[in-house]
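First up is the structure itself, then whatever we jot down about it.
The values are calculated or read from the model by the stated rules, or taken from the named source; none is laboratory data. On a predicted model such as this, the values are computed, not experimentally measured, just so you know. Using ideal geometry, Cβ is built from the backbone for each residue, glycine included, and neighbour counts are taken over all protein chains shown. These accessible areas exclude ligands, DNA and RNA; they are computed on the full protein's heavy atoms, side chains included. Shrake-Rupley method; radii C 1.70, N 1.55, O 1.52, S 1.80 Å.
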Amino acid sequence: MNPACWMVSACTRTRLCHGRRILIEQRSWFRKVSRQTERVEAEIWSNSGARSSIAKPTIARSSILKKLYKPLLFTIGFSGCSFGAAAIWQYESLKSKMKNYLDDIRADWFEQLRPAKHGDLRKQVNEWWNGLSDGQKTVSGIIAANVLVFCLWRVPNLQRIMVRYFTSNPASHNVCLPMILSTFSHFSFFHMAANMYVLWTFSSSIVSILGQEQFFALYMSAGVVSTFASYVCKAATGRFSPSLGASGAIMTVLAVVCTKIPEAKLAIIFLPMFTFTAGNALKVILALDTVGLVLAWKFFDHAAHLGGALFGIWYALYGNELIWKKREPLVKIWHEFRTNPPRSGGS
(Lines give C-alpha, C1' and ligand atoms only; values in the text may rest on other atoms or scores of the structure.)
Protein backbone atom coordinates (compact mmCIF):
# COMPACT_ATOMS: atom_id res chain seq x y z
CA MET A 1 0.00 0.00 0.00
CA ASN A 2 1.42 3.36 -0.97
CA PRO A 3 1.77 6.04 1.72
CA ALA A 4 -1.59 7.67 2.07
CA CYS A 5 -2.57 11.01 3.50
CA TRP A 6 -4.65 10.81 6.64
CA MET A 7 -7.03 13.24 8.23
CA VAL A 8 -9.56 12.82 10.98
CA SER A 9 -12.87 14.62 10.49
CA ALA A 10 -15.72 14.98 12.91
CA CYS A 11 -19.49 14.87 12.83
CA THR A 12 -20.85 18.39 12.82
CA ARG A 13 -22.90 19.27 15.86
CA THR A 14 -25.09 22.17 16.82
CA ARG A 15 -25.74 23.93 20.09
CA LEU A 16 -27.79 26.82 21.42
CA CYS A 17 -25.86 29.75 22.81
CA HIS A 18 -27.55 32.85 24.26
CA GLY A 19 -30.68 32.22 22.21
CA ARG A 20 -28.85 31.94 18.85
CA ARG A 21 -28.22 28.95 16.75
CA ILE A 22 -24.52 28.44 16.12
CA LEU A 23 -23.40 25.59 13.90
CA ILE A 24 -20.17 24.16 15.31
CA GLU A 25 -17.89 22.82 12.59
CA GLN A 26 -14.58 20.96 12.80
CA ARG A 27 -11.42 22.48 14.11
CA SER A 28 -13.21 25.49 15.58
CA TRP A 29 -14.67 26.51 12.21
CA PHE A 30 -17.80 28.45 13.14
CA ARG A 31 -20.46 29.49 10.74
CA LYS A 32 -23.70 31.22 11.68
CA VAL A 33 -26.84 29.89 10.15
CA SER A 34 -29.09 32.30 8.28
CA ARG A 35 -32.06 33.85 10.08
CA GLN A 36 -34.53 31.76 8.12
CA THR A 37 -32.64 28.60 8.97
CA GLU A 38 -32.55 29.68 12.62
CA ARG A 39 -36.34 30.01 12.71
CA VAL A 40 -36.81 26.63 11.06
CA GLU A 41 -34.30 24.89 13.30
CA ALA A 42 -35.74 26.55 16.39
CA GLU A 43 -39.20 25.29 15.44
CA ILE A 44 -37.99 21.75 14.78
CA TRP A 45 -35.86 21.84 17.91
CA SER A 46 -38.87 22.95 19.93
CA ASN A 47 -41.06 20.26 18.41
CA SER A 48 -38.49 17.61 19.24
CA GLY A 49 -38.60 18.59 22.88
CA ALA A 50 -35.27 20.40 23.20
CA ARG A 51 -34.82 23.81 24.76
CA SER A 52 -32.24 26.55 24.62
CA SER A 53 -29.37 26.80 27.06
CA ILE A 54 -31.44 29.19 29.15
CA ALA A 55 -34.32 26.73 29.58
CA LYS A 56 -33.07 23.30 30.65
CA PRO A 57 -34.32 20.25 28.77
CA THR A 58 -37.48 18.75 30.20
CA ILE A 59 -37.18 15.40 28.42
CA ALA A 60 -36.60 12.52 30.79
CA ARG A 61 -33.69 10.28 29.91
CA SER A 62 -35.77 7.21 30.63
CA SER A 63 -38.31 8.16 27.98
CA ILE A 64 -35.57 8.65 25.39
CA LEU A 65 -33.93 5.36 26.35
CA LYS A 66 -37.27 3.61 25.83
CA LYS A 67 -37.48 5.14 22.35
CA LEU A 68 -34.14 3.59 21.37
CA TYR A 69 -35.72 0.25 20.55
CA LYS A 70 -36.90 1.65 17.21
CA PRO A 71 -33.41 2.86 16.16
CA LEU A 72 -31.98 -0.47 17.34
CA LEU A 73 -34.41 -2.47 15.21
CA PHE A 74 -33.81 -0.11 12.29
CA THR A 75 -30.04 -0.55 12.64
CA ILE A 76 -30.29 -4.34 12.63
CA GLY A 77 -32.85 -4.47 9.83
CA PHE A 78 -31.15 -1.91 7.60
CA SER A 79 -27.73 -3.53 8.03
CA GLY A 80 -29.16 -6.95 7.21
CA CYS A 81 -30.92 -5.62 4.13
CA SER A 82 -27.73 -3.84 3.02
CA PHE A 83 -25.64 -7.01 3.10
CA GLY A 84 -28.45 -9.04 1.54
CA ALA A 85 -28.82 -6.56 -1.31
CA ALA A 86 -25.03 -6.52 -1.76
CA ALA A 87 -24.97 -10.33 -2.07
CA ILE A 88 -27.70 -10.26 -4.72
CA TRP A 89 -25.93 -7.37 -6.48
CA GLN A 90 -22.71 -9.39 -6.62
CA TYR A 91 -24.59 -12.39 -8.04
CA GLU A 92 -26.23 -10.30 -10.76
CA SER A 93 -22.97 -8.54 -11.54
CA LEU A 94 -21.06 -11.78 -12.04
CA LYS A 95 -23.87 -13.22 -14.14
CA SER A 96 -23.98 -10.12 -16.31
CA LYS A 97 -20.21 -10.14 -16.82
CA MET A 98 -20.25 -13.74 -17.97
CA LYS A 99 -23.17 -13.12 -20.30
CA ASN A 100 -21.72 -10.02 -21.92
CA TYR A 101 -18.10 -11.15 -22.12
CA LEU A 102 -18.13 -11.63 -25.90
CA ASP A 103 -20.00 -8.38 -26.43
CA ASP A 104 -17.32 -6.54 -24.50
CA ILE A 105 -14.62 -8.10 -26.67
CA ARG A 106 -16.42 -7.01 -29.83
CA ALA A 107 -16.92 -3.52 -28.45
CA ASP A 108 -13.22 -3.19 -27.60
CA TRP A 109 -12.25 -4.47 -31.06
CA PHE A 110 -14.60 -2.02 -32.78
CA GLU A 111 -13.27 0.83 -30.65
CA GLN A 112 -9.73 0.06 -31.80
CA LEU A 113 -10.79 0.04 -35.47
CA ARG A 114 -12.68 3.32 -35.22
CA PRO A 115 -10.44 6.35 -35.85
CA ALA A 116 -9.59 8.39 -32.78
CA LYS A 117 -11.43 11.65 -32.24
CA HIS A 118 -9.40 14.64 -31.18
CA GLY A 119 -10.90 17.15 -28.83
CA ASP A 120 -13.86 14.93 -28.03
CA LEU A 121 -15.04 15.81 -24.51
CA ARG A 122 -16.75 12.47 -24.08
CA LYS A 123 -13.57 10.64 -24.94
CA GLN A 124 -11.58 12.69 -22.47
CA VAL A 125 -14.09 11.95 -19.74
CA ASN A 126 -13.96 8.24 -20.57
CA GLU A 127 -10.17 8.28 -20.45
CA TRP A 128 -10.25 10.01 -17.07
CA TRP A 129 -12.81 7.55 -15.75
CA ASN A 130 -10.89 4.52 -17.03
CA GLY A 131 -7.77 5.88 -15.36
CA LEU A 132 -9.38 5.71 -11.92
CA SER A 133 -8.94 2.73 -9.64
CA ASP A 134 -11.87 0.46 -8.82
CA GLY A 135 -12.07 2.01 -5.38
CA GLN A 136 -12.18 5.55 -6.70
CA LYS A 137 -14.92 4.59 -9.15
CA THR A 138 -16.85 2.97 -6.32
CA VAL A 139 -16.83 5.99 -3.98
CA SER A 140 -17.61 8.46 -6.78
CA GLY A 141 -21.34 7.85 -6.33
CA ILE A 142 -21.08 8.40 -2.57
CA ILE A 143 -19.20 11.65 -3.08
CA ALA A 144 -21.76 12.82 -5.65
CA ALA A 145 -24.59 12.11 -3.18
CA ASN A 146 -22.83 14.13 -0.47
CA VAL A 147 -22.31 17.05 -2.86
CA LEU A 148 -25.99 16.96 -3.83
CA VAL A 149 -27.14 17.06 -0.20
CA PHE A 150 -24.67 19.87 0.51
CA CYS A 151 -26.26 21.89 -2.30
CA LEU A 152 -29.73 21.20 -0.92
CA TRP A 153 -28.67 22.80 2.36
CA ARG A 154 -28.18 26.04 0.44
CA VAL A 155 -31.84 26.14 -0.70
CA PRO A 156 -33.80 28.27 1.82
CA ASN A 157 -37.15 26.62 1.11
CA LEU A 158 -35.73 23.20 1.98
CA GLN A 159 -34.31 24.12 5.39
CA ARG A 160 -37.23 22.61 7.32
CA ILE A 161 -36.92 19.29 5.50
CA MET A 162 -33.13 19.24 5.79
CA VAL A 163 -33.17 19.82 9.53
CA ARG A 164 -35.91 17.26 10.08
CA TYR A 165 -34.55 14.41 7.96
CA PHE A 166 -30.85 15.11 7.38
CA THR A 167 -29.80 15.68 11.00
CA SER A 168 -29.97 12.92 13.58
CA ASN A 169 -31.21 13.48 17.12
CA PRO A 170 -32.70 10.89 19.53
CA ALA A 171 -35.07 13.56 20.91
CA SER A 172 -36.62 14.18 17.50
CA HIS A 173 -39.90 12.69 16.29
CA ASN A 174 -38.01 11.24 13.28
CA VAL A 175 -35.30 8.96 14.61
CA CYS A 176 -34.90 6.17 12.03
CA LEU A 177 -34.67 7.66 8.55
CA PRO A 178 -32.25 10.45 9.62
CA MET A 179 -29.84 7.76 10.83
CA ILE A 180 -28.85 7.05 7.24
CA LEU A 181 -29.67 10.38 5.59
CA SER A 182 -27.49 12.34 8.04
CA THR A 183 -24.54 10.22 6.91
CA PHE A 184 -24.69 11.99 3.53
CA SER A 185 -25.36 15.42 5.03
CA HIS A 186 -22.83 18.25 5.50
CA PHE A 187 -23.56 21.91 6.14
CA SER A 188 -19.97 23.16 5.95
CA PHE A 189 -17.93 22.84 2.77
CA PHE A 190 -14.77 22.26 4.81
CA HIS A 191 -16.46 19.45 6.71
CA MET A 192 -17.62 17.76 3.51
CA ALA A 193 -14.31 18.26 1.71
CA ALA A 194 -12.33 16.75 4.60
CA ASN A 195 -14.59 13.71 4.86
CA MET A 196 -14.68 13.08 1.12
CA TYR A 197 -10.91 13.48 0.83
CA VAL A 198 -10.36 10.79 3.45
CA LEU A 199 -12.87 8.52 1.74
CA TRP A 200 -11.24 9.08 -1.66
CA THR A 201 -7.77 8.42 -0.20
CA PHE A 202 -8.69 5.09 1.38
CA SER A 203 -11.10 3.98 -1.35
CA SER A 204 -8.59 1.87 -3.28
CA SER A 205 -7.47 0.01 -0.17
CA ILE A 206 -10.91 -0.72 1.24
CA VAL A 207 -12.38 -1.87 -2.09
CA SER A 208 -9.37 -4.11 -2.78
CA ILE A 209 -9.92 -5.70 0.64
CA LEU A 210 -13.69 -6.10 0.58
CA GLY A 211 -14.80 -5.70 -3.01
CA GLN A 212 -17.29 -3.19 -4.36
CA GLU A 213 -20.50 -4.82 -3.16
CA GLN A 214 -19.31 -5.68 0.33
CA PHE A 215 -17.86 -2.18 0.75
CA PHE A 216 -21.19 -0.54 -0.07
CA ALA A 217 -22.99 -2.77 2.42
CA LEU A 218 -20.41 -2.02 5.11
CA TYR A 219 -20.47 1.73 4.47
CA MET A 220 -24.26 1.98 4.64
CA SER A 221 -24.38 -0.19 7.75
CA ALA A 222 -21.61 1.83 9.38
CA GLY A 223 -23.66 4.99 8.93
CA VAL A 224 -26.59 3.69 10.99
CA VAL A 225 -24.38 1.85 13.53
CA SER A 226 -22.34 4.97 14.31
CA THR A 227 -25.50 7.07 14.54
CA PHE A 228 -27.05 4.57 16.92
CA ALA A 229 -23.95 4.77 19.12
CA SER A 230 -24.40 8.55 19.14
CA TYR A 231 -28.08 8.10 20.09
CA VAL A 232 -27.18 5.89 23.05
CA CYS A 233 -24.56 8.33 24.32
CA LYS A 234 -26.89 11.33 24.01
CA ALA A 235 -29.72 9.51 25.74
CA ALA A 236 -27.43 8.39 28.56
CA THR A 237 -25.91 11.82 29.15
CA GLY A 238 -29.02 13.89 28.45
CA ARG A 239 -27.23 16.06 25.89
CA PHE A 240 -29.65 16.15 22.98
CA SER A 241 -28.21 17.95 19.99
CA PRO A 242 -28.48 17.24 16.24
CA SER A 243 -25.56 15.65 14.40
CA LEU A 244 -24.70 15.19 10.76
CA GLY A 245 -21.76 14.07 8.68
CA ALA A 246 -20.12 10.99 7.20
CA SER A 247 -17.40 10.76 9.84
CA GLY A 248 -18.84 7.73 11.62
CA ALA A 249 -18.97 5.67 8.41
CA ILE A 250 -15.52 6.88 7.35
CA MET A 251 -14.14 5.88 10.74
CA THR A 252 -15.33 2.36 9.95
CA VAL A 253 -13.44 2.47 6.66
CA LEU A 254 -10.30 3.69 8.43
CA ALA A 255 -10.62 1.01 11.10
CA VAL A 256 -10.99 -1.81 8.58
CA VAL A 257 -7.95 -0.68 6.58
CA CYS A 258 -5.83 -0.08 9.68
CA THR A 259 -6.81 -3.47 11.12
CA LYS A 260 -6.21 -5.40 7.90
CA ILE A 261 -3.00 -3.54 6.97
CA PRO A 262 -1.55 -2.34 10.31
CA GLU A 263 1.96 -1.81 8.91
CA ALA A 264 0.84 0.56 6.14
CA LYS A 265 2.54 3.95 6.27
CA LEU A 266 0.28 6.97 6.70
CA ALA A 267 0.92 10.70 6.94
CA ILE A 268 -1.03 13.77 7.99
CA ILE A 269 -2.11 15.82 5.00
CA PHE A 270 -0.44 19.06 6.16
CA LEU A 271 2.65 17.31 7.59
CA PRO A 272 3.64 14.73 4.96
CA MET A 273 7.18 14.49 6.34
CA PHE A 274 5.91 12.72 9.50
CA THR A 275 4.83 9.15 8.85
CA PHE A 276 3.38 6.49 11.15
CA THR A 277 1.86 3.06 10.85
CA ALA A 278 -1.85 2.51 10.35
CA GLY A 279 -2.01 0.42 13.53
CA ASN A 280 -0.61 3.25 15.66
CA ALA A 281 -2.93 5.75 13.97
CA LEU A 282 -5.95 3.64 14.90
CA LYS A 283 -4.82 3.45 18.53
CA VAL A 284 -4.41 7.23 18.69
CA ILE A 285 -7.86 7.77 17.16
CA LEU A 286 -9.50 5.44 19.67
CA ALA A 287 -7.65 7.07 22.56
CA LEU A 288 -8.59 10.62 21.53
CA ASP A 289 -12.25 9.78 21.01
CA THR A 290 -12.39 7.91 24.32
CA VAL A 291 -10.93 10.88 26.18
CA GLY A 292 -13.25 13.24 24.36
CA LEU A 293 -16.24 11.11 25.26
CA VAL A 294 -15.27 10.91 28.93
CA LEU A 295 -14.48 14.63 29.19
CA ALA A 296 -17.59 15.57 27.17
CA TRP A 297 -15.75 17.57 24.50
CA LYS A 298 -18.37 19.33 22.43
CA PHE A 299 -16.69 19.98 19.08
CA PHE A 300 -16.84 16.34 17.92
CA ASP A 301 -19.38 13.55 18.08
CA HIS A 302 -16.96 11.17 19.77
CA ALA A 303 -19.63 8.53 20.37
CA ALA A 304 -20.28 8.27 16.62
CA HIS A 305 -16.53 8.09 15.97
CA LEU A 306 -16.01 5.34 18.52
CA GLY A 307 -19.07 3.46 17.32
CA GLY A 308 -17.86 3.56 13.73
CA ALA A 309 -14.26 2.63 14.61
CA LEU A 310 -15.23 -0.26 16.88
CA PHE A 311 -17.68 -1.54 14.27
CA GLY A 312 -14.90 -1.46 11.68
CA ILE A 313 -12.49 -3.35 13.95
CA TRP A 314 -15.15 -5.96 14.73
CA TYR A 315 -16.03 -6.41 11.08
CA ALA A 316 -12.40 -6.77 10.03
CA LEU A 317 -11.78 -9.44 12.68
CA TYR A 318 -15.09 -11.28 12.84
CA GLY A 319 -17.82 -9.64 10.75
CA ASN A 320 -16.56 -10.82 7.39
CA GLU A 321 -16.66 -14.44 8.54
CA LEU A 322 -19.98 -14.14 10.37
CA ILE A 323 -21.91 -12.10 7.80
CA TRP A 324 -20.47 -11.93 4.30
CA LYS A 325 -19.21 -15.49 4.03
CA LYS A 326 -22.58 -16.79 5.24
CA ARG A 327 -24.44 -15.26 2.29
CA GLU A 328 -24.54 -18.52 0.26
CA PRO A 329 -28.08 -19.60 1.37
CA LEU A 330 -29.50 -16.25 0.32
CA VAL A 331 -27.71 -16.40 -3.03
CA LYS A 332 -29.07 -19.92 -3.62
CA ILE A 333 -32.61 -18.73 -2.90
CA TRP A 334 -32.16 -15.83 -5.30
CA HIS A 335 -30.66 -18.16 -7.93
CA GLU A 336 -33.67 -20.46 -7.68
CA PHE A 337 -36.00 -17.50 -7.96
CA ARG A 338 -34.19 -16.18 -11.07
CA THR A 339 -34.01 -19.62 -12.67
CA ASN A 340 -37.56 -20.74 -11.89
CA PRO A 341 -39.68 -17.64 -11.30
CA PRO A 342 -43.17 -18.21 -9.83
CA ARG A 343 -45.89 -18.53 -12.45
CA SER A 344 -49.21 -16.75 -12.34
CA GLY A 345 -52.18 -18.96 -11.36
CA GLY A 346 -54.34 -18.22 -14.42
CA SER A 347 -52.38 -19.99 -17.14
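For segment 181-250, which whole-number percentage of the solvent-accessible area (1.4 Å probe, protein heavy atoms only) is attributable to carbon and sulfur atoms?
Working: 1120 of 1610 Å².
Looking at segment 181-250 in its full context, I get 70 percent from C and S.
Would you rank Asp120, Asp301 by solvent-accessible area, highest first, keeping every protein chain in place and using a 1.4 Å probe?
Values: Asp120 50, Asp301 10 Å².
Solvent-accessible surface, decreasing: Asp120, Asp301.
Let me see the pair-distance distribution of segment 197-291: every alpha carbon pair, 10 Å bin width, integer percents in order.
Answer for segment 197-291: a P(r) of 14, 42, 31, 12, 0 percent.
Working from the pairwise distances between different alpha carbons, so that the mean of 1/r is found and then inverted, what is segment 171-215's Kirkwood radius in Å?
Details: mean 1/r = 0.0794 Å⁻¹.
Kirkwood hydrodynamic radius for segment 171-215: 12.6 Å.
When all protein chains stay in place, what accessible area (Å², nearest 10, 1.4 Å probe) is found for Phe299?
Its heavy atoms expose roughly 80 Å² to the probe.
Whenever you get a sec, line up Met98, Met196 from highest to lowest accessible area (probe 1.4 Å, protein heavy atoms).
Numbers: Met98 155, Met196 15 Å².
Ranked from most to least accessible, the order is Met98, Met196.
Out of residues 5 or more away from Ala264 or on other chains, whose amide H comes under 5 Å of its own, with H placed 1.01 Å from N in the peptide plane?
Ala278, Gly279
Of Cys233, Cys151, Cys258, Cys81, which has the most accessible area and how do the rest follow, probe 1.4 Å? Write down the numbers at each step before the final one.
Values: Cys233 35, Cys151 70, Cys258 5, Cys81 90 Å².
From most exposed to least exposed: Cys81, Cys151, Cys233, Cys258.
What percent does the relative contact order of segment 221-316 come to when contacts are Cα pairs within less than 8 Å and at least six residues apart? Write out the running numbers ahead of the final one.
Details: 121 pairs, mean separation 42.4, N = 96.
Computed over segment 221-316, the figure is 44 percent.
For a Förster distance of 41 Å, can you work out the FRET efficiency between the beta-carbons of Leu158 and Lys325, rounded to the nearest 0.05?
Details: r = 42 Å, r/R0 = 1.03.
The computed FRET efficiency comes out at 0.45.
Between segment 124-153 and segment 228-264, how far is it from one alpha carbon centroid to the other, in angstrom?
First find each Cα centre; the distance between them is then 23 Å.
Please state the relative contact order of segment 219-276 as a whole percent: Cα pairs under 8 Å, 6+ residues apart?
Here the relative contact order equals 31 percent.
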